[in-house]
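The values are calculated or read from the model by the stated rules, or taken from the named source; none is laboratory data. These numbers were taken from a predicted model, which means no experiment stands behind them. In this analysis, Cβ positions are derived from the backbone assuming ideal geometry, glycine residues included, and neighbour counts consider all displayed protein chains. Surface areas here come from the heavy atoms of the whole protein model, side chains and all, with no ligands, DNA or RNA. Shrake-Rupley method; radii C 1.70, N 1.55, O 1.52, S 1.80 Å.
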Amino acid sequence: MINTEKPKVTKPWSSEMYDWNDKVSDLMKAEIKIQIEKNKDDFDKLNKLITLCGGIQYCSDSYEIEELYDECLKELENVQNYWLNEEWAWSVDNGIVTDCVNIEFVGY
């Protein structure tokens, strides 16, 4: 992201705010995808990552790790910006993702 100056918060939201938040989300999603690929053989870590993306968890008795991996990628595609805004700091604090995104959403 070239410009690291947050746009001014407006009501209703401006296109600049939406664009900013989409760029922040893209950075977060890139980090999540790295963690999914890095931990594709770790059921517990994938379960934490899918929780970050969709608020759900899988039971290890009922699902194979390959299914969880595939579902992580699907949830990652569909995760909403507001959800990432709510869950990102907690996920960083708990070591689920690294703190590589040093900019924040606006308007939430």
> Excluding ligands, DNA and RNA, what is the solvent-accessible area per residue of the chain at a probe of 1.4 Å, expressed in Å²?
Replying inline: 64
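Which FRET efficiency value, to the nearest 0.05, is calculated for Asp41 and Asn102 with the Förster distance at 25 angstrom and r the Cβ-Cβ distance? Don't jump to the answer; show the numbers that get you there.
On the way: r = 29 Å, r/R0 = 1.18.
So the FRET efficiency works out to roughly 0.25.
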> Residue by residue through segment 29-41, which ³J(HN,Hα) values in whole Hz follow from phi under the Karplus form 6.51 cos²θ - 1.76 cosθ + 1.60 (θ = phi - 60°), with glycine and proline marked x?
Replying inline: 5, 4, 5, 4, 4, 4, 5, 4, 5, 5, 10, 5, 10
>> Rolling a 1.4 angstrom probe over the protein chains, ignoring ligands and nucleic acids, what is the accessible area of Lys74 in square angstrom, nearest 10?
In response: 110
>> Counting only protein heavy atoms and a 1.4 Å probe, tell me what percentage of the chain's accessible area is made up of carbon and sulfur.
In response: 46
> In whole Hz, what ³J(HN,Hα) sequence does segment 84-96 give by Karplus (6.51, -1.76, 1.60; θ = phi - 60°), x for Gly and Pro?
Replying inline: 4, 4, 6, 9, 4, 4, 4, 5, 5, 4, 9, x, 6
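Cβ neighbours within 10 Å, averaged per peptide: list 94-100, 44-50, 27-33, 8-14 in order, most packed at the top.
On the way: 94-100: 13.3, 44-50: 19.7, 27-33: 18.0, 8-14: 10.1.
Sorting 94-100, 44-50, 27-33, 8-14 by mean packing, highest first, produces 44-50, 27-33, 94-100, 8-14.
Using only helices, what value at 222 nm comes out for the chain when you add -39,500 (n - 2.57) per DSSP H run of length 4 or more and divide by the total residues, to the nearest 500 deg cm²/dmol?
Values: 4 runs with 63 residues, N = 108.
Result for the chain: -19500 deg cm²/dmol, rounded to the nearest 500.
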